[in-house]
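Here's the structure, in structure tokens; my notes come after.
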Ligand code: WT7
């Protein structure tokens, strides 16, 4: 792995502006000052176990208390609160009803075609119980994985919670992934059940989810899957197979609206969620119940400084970790009102987001830099038409935000009244790790600021030594934290290799390697520079270059492929593929289009290469390794610099330049 700045769209060294929170915001915040924050950090540093214990005791309801806070015996397979018993849905639903919040809105949902629905905590619990009973009636057992492949409709959340209610871990597959991707995930997780919908609405189109499930089953997932539950959403004709496919509404119709929460152990699995790495197929990141519950609960409360009357909206899809942690579990565990929107802004409705904020008086808004950049491009006239005065706090997640977009967000959307929380984290970390606590510290555009209390971040070089202030290096996390991933499903070796074996460290036997490059400035603020491995981020979606390469070479015309990310003003990075063809194929626009579509059908539309460059001269070292560094420079139109003496054939450079 090389350390580079390919993803560094921050103008790091020149960015010195700081923005303190208003007095008013700080005074009513949960953590009010830098001093309070630093005291908390110090407390966590001095005695981590006591620190985590104090929150686990008070913020989580247990059916049986734990005795041990952190079990390090099998490190880095850390175990948190191992003797404890709980059910996360009890913490997300029942306890709020017991505390008198039964009629409070748990979920406000806005559909893409303009329909909408709200669920109080009582309503949501009833639906979850009915769905849980329906799953049981189909034979879903505790511990058995259920795959959820859904559009952004309330039933996606209900299905997740229903699984958790009965102790069946879920594996949500983003509805934008292709049937091939679905198949791989179903087979890897050995999921016997799939919950899906006839289809979903996305950008003025209908996506045919059930059809994708059918072809996943026909092309191999059928060996694993026995039952499919289908939600009616689009009413389009679909085929239903007798005794295999069941309608959700028919199954739920006569179910009891009470289902006893299953008594679960702290370290039982809550879910698997697949994410891309630098090598091989996507990895199934495993999260377990108690630690994840605590970490999403606490981070949600701290970072969004949540108040009882907040209307909170995160624009992510539940198919990603952001949706899991900050649409479903974090907000509900806190008894908050969470808003869910089925659509994404589309050319025919660029005001969709602002209209929803106005309609529901959203007070906290959490979205991705790529969305902010596209709003910027279409001009402030659009948001200016709406009343956004209900907003009091803004957040971003998923990729570095350039200071220009940060300032625009603060000014145009936040009317300069709202602090911005730039939150750094990963599928693997379960919840946010680095973020401003909005009432406590000054923000700087483009920096995620400080690690949260209990999180020990350090920037090191390859040897594991801490680098100088403002020097770039690898981001590592020194101490375990409750929301951390537990393993990679079915591949504990890969878990060790990807995260724990890369960086040696003098003081800690196990340090977590995040895969990001970063630097820390004079004030201790962290500036994320982007991935240092072969992972690229397209509109905040994480993709492995190797995954896309495998998809490319599975096309009959492709002999060899190398994929790189190219800086993109809107998407952060765009995919550029260098491809050499098999002998009997000729370069043509038609073939290039066909190969692009092939990648879409292998992975999903998020992986569609923006550009495919056909060349028979891929730059290789003498040992046969493709030199991606050269391709990155070429894709970005930059001069190829650095050492090229290891190239097997230096004439390929000239040929390549011609082809690109
Ligand atoms: C990668 C994790 C976790 C939510 C969504 C993405 C990048 C995430 C930030 C941020 C700069 C960020 C990192 C990280 N990333 N948040 N605030 N600033 N970069 O989850 O798909 O697991 O991707 O996203 O590169 O490693 P993910």
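Computed from label points 7 Å out along Cα-Cβ, the spacing between residue 636 and residue 211 is 4.0 nm.
Among 152-161, 591-600, how do they line up by average Cβ neighbours within 10 Å per residue, starting with the highest? The partial results should precede the final answer.
Working: 152-161: 26.0, 591-600: 17.6.
Going by the mean number of other Cβ atoms within 10 Å, highest first, we get 152-161, 591-600.
Can you figure out the FRET efficiency of residue 235 with residue 468, using R₀ = 56 Å and their beta-carbon distance, to the nearest 0.05? Don't skip to the end; give the middle numbers.
Working: r = 62 Å, r/R0 = 1.10.
According to the calculation, E is roughly 0.35.
Using the Kirkwood radius over Cα pairs, work out the Stokes-Einstein diffusion coefficient for the range 409-510 at 20 °C and 1.002 mPa s, in µm²/s as a whole number.
Numbers: Rh = 15.7 Å.
Estimated via Stokes-Einstein, D reaches 137 µm²/s.
For the range 529-660, count all C-alpha to C-alpha pairs, find those more than 26 Å apart, and express that count as a whole percent of the total. So the pairs more than 26 Å apart make up 18 percent of the total in the range 529-660. The protection proxy used here, the mean number of other Cβ atoms lying within 10 Å of each residue, ranks peptides 296-307, 512-523, 351-362 as follows, highest first: 296-307, 512-523, 351-362.
Taking every Cα-Cα distance in the range 115-221 and sorting them into 10 Å bins from zero, the calculated P(r) comes out as 15, 44, 33, 8, 0 percent.
Give me the orientation-averaged projected area of the Cα convex hull of the chain, in nm², one decimal. Intermediate results must be reported in sequence, preceding the final value.
On the way: hull surface 113.9 nm².
Taking a quarter of the hull surface, the average projection is 28.5 nm².
Most tightly packed first, judged by the mean number of other beta-carbon atoms within 10 Å of their residues, the peptides 138-145, 322-329 read 322-329, 138-145. Site pair residue 218 and residue 98 shows an inter-label distance of 5.0 nm when each label is modelled 7 Å from Cα along Cα→Cβ.
Before anything else, pin down the relative contact order of the range 237-366: Cα pairs under 8 Å, at least 6 apart, normalised by residue count, whole percent. Spell out each step's value before the answer.
On the way: 133 pairs, mean separation 24.8, N = 130.
Here the relative contact order equals 19 percent.
Based on every Cα atom in the range 52-102, Rg and the maximum pairwise Cα distance Dmax equal 13.1, 42 Å.
Normalised by the number of residues in the chain, the average gap of Cα pairs under 8 Å and 6 or more apart makes the relative contact order 15 percent. Of 101, 252, the sequence from fewest to most neighbouring Cβ atoms within 10 angstrom is 101, 252. Run the paramagnetic zone check for residue 45: 7 angstrom along Cα to Cβ, then residues of the range 417-436 with backbone nitrogen under 17 Å. Hits in the range 417-436 for residue 45 at 17 Å: 434-435. DSSP bridge analysis restricted to the chain gives an antiparallel fraction near 60%, rounded to the nearest 5. Kindly identify the range 16-138 as rounded, prolate or oblate by the Cα gyration tensor criterion: order the square roots of the eigenvalues as a ≥ b ≥ c, call it rounded if a/c is under 1.5, otherwise compare a/b with b/c, prolate if a/b is larger, else oblate. Since a/c reaches 1.5 but b/c is at least a/b, the shape of the range 16-138 is classed as oblate. Take every pair of alpha-carbon atoms less than 8 Å apart whose residues are at least six positions apart; their mean separation over the length of the range 480-598 yields a relative contact order of 14 percent.
Working note: 222 nm ellipticity from helices only, DSSP H runs with n ≥ 4, each -39,500 (n - 2.57), summed and divided by the residues of the chain, gives -7500 deg cm²/dmol to the nearest 500. The modelled label-to-label distance for the pair residue 308/residue 35, using points 7 Å beyond Cα in the direction of Cβ, is 2.9 nm. Each Cα pair of the range 215-299 feeds into the Kirkwood radius, which the Stokes-Einstein equation turns, at 37 °C and 0.692 mPa s, into a diffusion coefficient of 193 µm²/s.
Computed from the coordinates by the stated procedures, all read-outs in this text should not be read as laboratory data. On a predicted model such as this, the values are computed, not experimentally measured, just so you know. So basically every Cβ, Gly included, is an ideal-geometry build from the backbone, and we count neighbours across all protein chains shown.
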